[in-house]
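The structure under discussion appears below in the form of structure tokens.
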Amino acid sequence: MSKQGTTRRYGKQSKKPRATGRLFVELPQTPIRTAKAVYDDNDDIIAQLTQGFSTVKIRDEGIEVTESPVVSPRRRTRQSALVDPPEDKPSRSLTPPKPVLTPPESEKEEEERDADVDAETEATEPTLTLSPQEESRELQVLSWSEVCPPGDSIVKIAEASYAEVYRVTNERGTSIIKVIRMSSPIKPQTKAQQKSGLVDEEPHGESDLQGELQISEWVADIPGFVVYKERYIVQGKTCRELLETHQAFHKKLKRQDPGRLQFYPSPSRYLDDTKFLVVELGDAGTALEDFELATADQLWDIFFHVTIALARAEARIGFEHRDLHEGNLCIRKVSEPIPKDDWDRTRYFGFSGLEITILDYGLSRAQGDYDSDPVAYDLERDLSIFTSEHAAQCRVYRQMRSFLLRGDRACLPPENHKTPYAEGIDGPITWAIHEPYTNVLWLAYLYEWMVGNFSGPKREVNSFKRATKELWMYLDPEADDSVPGFESASDILRYALEIGWIDEDQLMGGREEVEKSILSILASEDGEDGVTGPTLRRSPRKRRPAVL
């Protein structure tokens, strides 16, 4: 049977306390690597974020900051500033013990060691959570003509980590599908393709995909994350519609960036045995990179919608996105903007009529419940992501790894990222560790990107920058070490609540809907009314203690 949706309530029911005293008494200096505390399970996640408000002193926007905060040590262990830990339960660090990584002395020894751990592999590797119906059957195999039959629309909208992203629309609705090529044959490149510098994205084995799929299910019922619908295998040669949209997509990108290389093989090269894993998701709207930012209320809503979603995911599953650039965030208009004359002047959030959706968890980290192993992509496998300088977001990758190496705001240059599993402040680098400061780095990136790509009147973006001047001071990853900094998206949300930019009642509610596949071949399996079976459900993730 499908799991019944429930309404999750966030935030306190009481009135917000008045802010008094000094702003962020417990706000750490240059982001601190701290031991995290564990608390009792509680559905009221955002209430935990808001109940521990520190006292506030809101500075006048026009006054320069002159006082220097007391500098604290770069690394220290302290209780969470968000809530007080329960007295009868000891706190426990989420950070897993780091393995000591040493290179094998010989191939023979490596083979012997691999043989010794074969029996343990199934128990330690993350596995996908399947519904009862999925457990009793393998994933269905479809053809491209079944995914997009005549009359349906398919449009390529993005290329993400591991996957190509398409929007499929028909009379049953709209879905986003992520298409991931699995290990299977494909036609070789033609001489013309070789000459043009075509670089084929490597196919992926099942183990490469498990992490992202598992995280997709864990975040599916958190507002702000894409809705998971279904997954299946697509095998065989392409259909005409798929080829046409692939070609149109790359022609558009070539016009925007003539030097851009094509990384995903043309569908014209698909063979009868070419296989893809397809993950069907809810429609998320338009990518931020293609969305026209024209008003200040759009800037407020996009930034804080993302902050709220990340704060919820941090608290519930120890989530870090680690790749949240403008192509992995979608915007959708769900209502008409509220006229400025009707604004509550003490609040800035919730007037644009926009909704955001966070996509692509290929590089992400999460932990389904406290007793399970974390799921995280090992970025040490390919250090080119840290040495590349082809796009602005490459600096954020280096900032994340620099933080693991040093534990402060310093961003090491590309030449400092050429040794895998280098020694950091806690031993050899491991990406399984939970460091929510990576979410802060991506929120800082989005803030700068939106301000820099704003296309509306200058007075609008200037008003946003003036109002958020102090926020940016704490958010800026290049700020001086003496300037306090946020440790997580939860810290940023707390700051906005204390100042009054967001009301607590705006954090109430949750996602109730269970969206279904729009493919006719799947929608007709269980009856003529198009209602699918129990595979289309909300995430079956076990509840876990909140880790803050």
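Electrostatic tally near LEU412: other residues with Cβ closer than 14 Å to its Cβ, Lys and Arg +1, Asp and Glu -1, net +1.
Heavy-atom surface analysis with a 1.4 Å probe gives the range 410-503 a carbon and sulfur content of 48 percent of its accessible area. As an exercise, use a Förster radius of 30 Å and the Cβ-Cβ distance of SER384 and GLU448 to find the FRET efficiency, rounded to the nearest 0.05. Taking R0 as 30 Å, the efficiency between SER384 and GLU448 is 0.80. Computed on protein heavy atoms with a 1.4 Å probe, the accessible areas place THR307, THR430, THR169, THR346 in the order THR346, THR169, THR430, THR307, largest first.
Here each label is just a point 7 Å from Cα along the line to Cβ, and for LYS191 and ASP480 those points are 6.4 nm apart.
For each pair in LYS187/LYS418; LYS254/LYS465; LYS252/LYS469; LYS156/LYS275, compute the distance between the two Cα atoms and list the pairs where it is over 25 Å. Display every interim value, and only then the final one.
Details: LYS187/LYS418 34 Å; LYS254/LYS465 34 Å; LYS252/LYS469 37 Å; LYS156/LYS275 18 Å.
Exceeds cut-off: LYS187/LYS418; LYS254/LYS465; LYS252/LYS469.
What does the convex hull of the Cα atoms of the range 183-337 come to per residue, in Å³, rounded to a whole number? Before the final figure, lay out each step's value.
Values: hull volume 23.5 nm³, N = 155.
So the per-residue Cα hull volume is 152 Å³.
How much length is gained on full extension from ILE425 to HIS250, taking 0.36 nm per residue of separation minus their Cα-Cα distance? Don't skip to the answer; put the middle values down first.
Details: separation 175, 0.36 × 175 = 63.00 nm, distance 4.31 nm.
Taking 0.36 nm per residue and subtracting the Cα distance, the gain is 58.7 nm.
A straight chain from SER153 to ASP503 at 0.36 nm per residue would run longer than the Cα-Cα distance by 121.9 nm.
In plain terms, the chain from THR286 to GLU171 could stretch by 39.4 nm, reckoned as 0.36 nm per residue minus the Cα-Cα distance.
Accessible surface area normalised per residue over the range 265-318 is 22 Å², counting heavy atoms of protein chains with a 1.4 Å rolling probe.
Which of the trypsin sites (Lys or Arg not before Pro) found in the range 407-490 are loop residues per DSSP with 11 or fewer other Cβ atoms within 10 Å of their Cβ? Display every interim value, and only then the final one.
Details: sites: ARG409, LYS418, LYS458, ARG459, LYS465, ARG466, LYS469; in loops: ARG409, LYS418.
Listed in order of number, the matching sites are LYS418.
Taking all protein chains together and rolling a 1.4 Å probe, GLU460 ends up with roughly 20 Å² accessible. Here the Karplus relation 6.51 cos²θ - 1.76 cosθ + 1.60, evaluated at θ = phi - 60°, turns the backbone of the range 317-324 into coupling constants of 9, x, 8, 9, 7, 6, 7, 8 Hz, with x for every Gly and Pro.
When +1 charges are put on Lys and Arg Cβ atoms and -1 charges on Asp and Glu Cβ atoms, the dipole computed for the range 356-404 relative to its Cα centre reaches about 320 debye. Accessible surface for SER384 stands near 60 Å², nearest 10, in the context of the full protein assembly shown (1.4 Å probe).
The values are calculated or read from the model by the stated rules, or taken from the named source; none is laboratory data. In this text the structure is predicted, and so the values were computed from the model without any measurement. When we count neighbours, we look across all protein chains shown, and the Cβ atoms used for this are built from the backbone with ideal geometry, even at glycine. The accessibility values were calculated without ligands, DNA or RNA, using every heavy atom of the protein model including side chains. Shrake-Rupley method; radii C 1.70, N 1.55, O 1.52, S 1.80 Å.
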